Structure formats: C-alpha cells, structure tokens
1. Give just the number: which of (1) at pLDDT 90 or above; (2) under 18 Å from residue 160 (Cβ atoms) does residue 216 not satisfy?
2. With touching a residue at least 40 places away in the same chain (Cβ under 8 Å), in contact with a Ser or Thr (Cβ under 8 Å, 6 or more places away or on another chain) and closer than 24 Å to residue 9 by Cβ as the only criterion, which of 259, 235 stands out?
3. For the list (1) of a type in the set (S, T, N, Q); (2) closer than 30 Å to residue 289 by Cα; (3) modelled with pLDDT of 95 or more, I need the number of the one condition that residue 251 fails.
4. Do we have residue 239 as away from ligand 2 (no atom under 16 Å from the Cβ) and farther than 13 Å from residue 18 by Cβ here?
5. Do we have any residue at all in the range 262-275 that's within 30 Å of residue 137 (Cβ to Cβ), at pLDDT below 90, within 16 Å of ligand 2 (Cβ to nearest atom) and not in a loop (DSSP other than H, G, I, E, B)?
6. When only residues in the range 265-292 that are under 24 Å from residue 122 (Cα atoms) and in contact (Cβ under 8 Å) with a residue 40 or more places away in the chain count, which is surrounded by the fewest Cβ atoms within 10 Å (Cβ to Cβ)?
7. Can you name the condition, by its number, that residue 18 falls short on among (1) among the small types (Gly, Ala, Ser); (2) more than 14 Å from ligand 1 (Cβ to nearest atom); (3) in contact (Cβ under 8 Å) with a residue 60 or more places away in the chain?
8. Touching a helix residue (DSSP H, G or I) at 6+ places or on another chain (Cβ under 6 Å) and of a type in the set (S, T, N, Q) - does that describe any residue in the range 119-135?
Amino acid sequence: MINYRNSAVSDYIRCPLAFHFAHNLHLQKIDDDSGEHHRRFGQAIHSALEVIYVDRDLEKAKVKMRECYPVQLDTEDLAKTVDNACFALEKYIEHYDWDKEWTVLSTEETDYDGSYVAVTPDMVVKDRNDNIFIVDHKTTGKYLNYDYFSDYDPNSQVTHYVQRTRERYGHCDGFIVNAIRFAFLKRASKDRAAGFNVEFERQVFQRTSSQIQRTERSTEEWIEEIEHSRRRGHWRAAETSSACKFCSYKSICSAGWSWEDDEELITNVFRRVCQQKIGNDYCNLDLNHSGDHRHELVAAAPVEFVVEV
Ligand code: SF4
Ligand SMILES: [Zn+2]
C-alpha cells in the first residue's frame, strides 16, 4: 500500500488530474519564483522556529533563517524578507516568553504507523499539566481573524494529526494553529504603523472520536478511489472551474495537452522534480537524479546579508 501525505489526498479531492501532474508526474513550473518564494520563506521560518524551541537560542535561529533563505526570490514582497523574519523572531519570543511551559516531545517527525496517511506535525509539545498539543506554524499575509481560522474547521489535516498523536501519546488535547502574519502597510492605519507589521495569533482546535472516525473512513474511501484511478490509468479533471483558479497546471489544461501526446511541450514549461523529503525541505533536483537528495535555491540576483555573530 502506498503511503500518502494528507496534502496529496486533499489535492486529489480538489482535482484528480492536478494530483496526477503533481504526485505521479512530479511536474513543477519552471520560473515559478513567487510560489517558490512563499514556500521557501515558510520553510525557513519553520526551521528557525525549530531552533527556537530545540536550542532555545535566538541568535542561532536568526542565522538559521538567513541560511535557509539566503536570497529574496520575490523582490516585490516587502513583508516576507529575511530581515523582517529576524525581527519577527525577536518579537515572537517576547510575545510568548519562549513558551517556557512547553516541553517539546518531537519536531518534524513523520509518522506512517498503522495508516496509509503520512503526518508530519511541526511540533508536539506537553504543558505543565501534561496536556499534549500539536503545534502547526503558519506564515501568512492574511488578517488573523475568524475567516482565517475557519479554514481549520472542518479540516482533515487537523483531524488526522489529532488521531495519530492520540495513538502515539495516549491522548491529544488539541491542535494549535500558530499563525504569524507578515504585512507591509504603505500607510499607517488606525491601529497599525506604516511599514512592516508582524502579528501573532493562536487558536486551538479539538476533535471528537466520532469526527476522527468519520474522517478516517472518508480518507480510506478517497485512497481507494486514487488507487482505482491508478489501476485504470485515468485521472479526471476537476468538476468545477473554481478548483482551476489558482492551479499551477492551468496552462496544460487550457492548451488541451496530455502527458502521453505532449510530453515535449509540457517539459518546456514544467520540470520533473524529485521531491523527496529531506529534513524540513523537499529535494528539488531533477527526477531520477544521481547522488544525494538536496534542495538548491535558484535566484536571479543574489543579495548579500551581513550576519552578526
Ligand atoms: S487547471 Fe483545473 S482541471 Fe486542470 S489540473 Fe488544474 S484544477 Fe485540474
Ligand atoms: Zn532527490
């Protein structure tokens, strides 16, 4: 049985054809600097936060941030920059006072046991009352309001994570969405200064046993369907165009190309990427590359940063 990441199952639910492009053919758009910027910046913040919680060392976390995001891939984005990230890390530890009441039980551990949906929580922590929480770090430009957090209820990722943490630690007292907002305001508003603003907000989500059972059941059914599509070699397109709005494979679909007939045309615009998980990253070398897996940053104009030690 193939192990699926929860996000892969969600991709299939959104559009089986997009799942096929992403998870079977491993197609990634060439020159997708903006998408790569958000992904890389988010991953760098995750790695820096891991240092904050594991090593309890702010300076080391800043160095990690600069190491993981050494070049600004999207120069138009004035909020998500490495300098702002270092400032945000300082404010973060002040704001949460290092989360001293938390003991870290694990960071970034992938758990495949007993199920075919792989989960990799950013962090599992225990508080002073022995409550166990999953902590998921999110970086966003959106307002951290009701709308933002409503995405997590219902949300099968949250449900799977809670269930697997219960299995592993005996109980799970919630899934904490640890949101950090990076915003750049051209003009001051009534409660925010002009320039870079960082905001922090957390919300805890719970899941009941019956919610967990329901989600497990429906995930099993979706995975059966994925396997069925694989056996037939047929991946149907999305039922509604709303799925296509932000899809990176739109150019393939609108041109009417198929992999079988138009591989050469497709590989002018897309490359096939390895995507093997390595630490907090995914290998971005060509599919079937030789040698070790690694993630390489590619940017047109490297920017140098002075690291204070
Ligand atoms: S453009 Fe639409 S139909 Fe095509 S892969 Fe993307 S979501 Fe699916
Ligand atoms: Zn690789």
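The values are calculated or read from the model by the stated rules, or taken from the named source; none is laboratory data. Quick caveat, the model's predicted, so the values are computed rather than measured. Counting neighbours? That spans all protein chains shown, and the Cβs are built from the backbone with ideal geometry, glycine included.
1. With respect to (1) at pLDDT 90 or above; (2) under 18 Å from residue 160 (Cβ atoms), residue 216 is out only on (1).
2. On the way: 259 fails: in contact with a Ser or Thr (Cβ under 8 Å, 6 or more places away or on another chain).
Only one candidate passes the filter, namely 235.
3. (3)
4. Numbers: away from ligand 2 (no atom under 16 Å from the Cβ): yes; farther than 13 Å from residue 18 by Cβ: no.
So residue 239 fails the test.
5. Here is the first cut: in the range 262-275, the residues within 30 Å of residue 137 (Cβ to Cβ) are 270-275.
Filter once more, keeping what is at pLDDT below 90: 275.
With the extra rule that they be within 16 Å of ligand 2 (Cβ to nearest atom), the set shrinks to 275.
Keeping just the survivors that are not in a loop (DSSP other than H, G, I, E, B) gives none.
For the range 262-275, residues within 30 Å of residue 137 (Cβ to Cβ), at pLDDT below 90, within 16 Å of ligand 2 (Cβ to nearest atom) and not in a loop (DSSP other than H, G, I, E, B): absent.
6. Among those residues, the one meeting the criterion is 279.
7. If we test residue 18 against (1) among the small types (Gly, Ala, Ser); (2) more than 14 Å from ligand 1 (Cβ to nearest atom); (3) in contact (Cβ under 8 Å) with a residue 60 or more places away in the chain, just (2) comes out false.
8. no
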